[in-house]
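This report refers to the structure that appears directly beneath it.
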C-alpha cells in the first residue's frame, strides 16, 4: 500500500528513508517527493573513471523533483535518489543525491513493489545495479 510521510526540518536523507523502510518493512519501493533542503551533496557518475564526482551546496533549495527507489543491498534497505533543485532565481541543479538536510520539510510518497529487487556490484559498469 502506498503511504505518504512528512520528513521534518533537520532530517538527513537518505538516512531517514532507510529508517522509514526498516520501520515499515519495505524491501523494495518506488520513491517520490517534494519540499525543501538547505544543505545538499549532489554527485555525477563519471563513466570513464568509474567514480562519483561530488559537489556540496550550502543554500536553501526548493525540491522540484525527488525520485528514487529502495532495494536490498546486503539484505538491508538501500536508498537510491536523484533530485532536481530550484534556487531563488529559478535556476536549477540536479543529480544523484548523496546527502541532504531537510528544510523546512519533505513530503515523501513510498510505493512498495510486489517483487523484491537487490543491488549487486557490476564490475563492468563500476556501480551497484538493480537485479530484479
- Task: Can you run down the residue pairs with Cβ atoms below 7 Å, 6 or more apart or on separate chains, where the first is in the stretch 121-132 and under 16 Å from residue 43 (Cβ atoms) and the partner is not in a strand (DSSP E or B)?
- Result: 126/50
- Tally, over the stretch 6-58, of residues that are in contact (Cβ under 8 Å) with a residue 12 or more places away in the chain, loosely packed, with under 13 Cβ neighbours inside 10 Å and in a helix (DSSP H, G or I): 1
- Message: Given the criterion surrounded by 14 or more Cβ atoms within 10 Å (Cβ to Cβ), in contact with a strand residue (DSSP E or B) (Cβ under 7 Å, 6 or more places away or on another chain) and closer than 29 Å to residue 115 by Cα, identify the matching residue among 69, 103.
- Response: 69
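Since every read-out is calculated from the coordinates, none of them should be taken as a lab result. Keep in mind the model is a prediction, meaning the values are calculated, not measured. Note: ideal-geometry Cβ built from the backbone for every residue, glycine included; neighbour counts use all protein chains shown.
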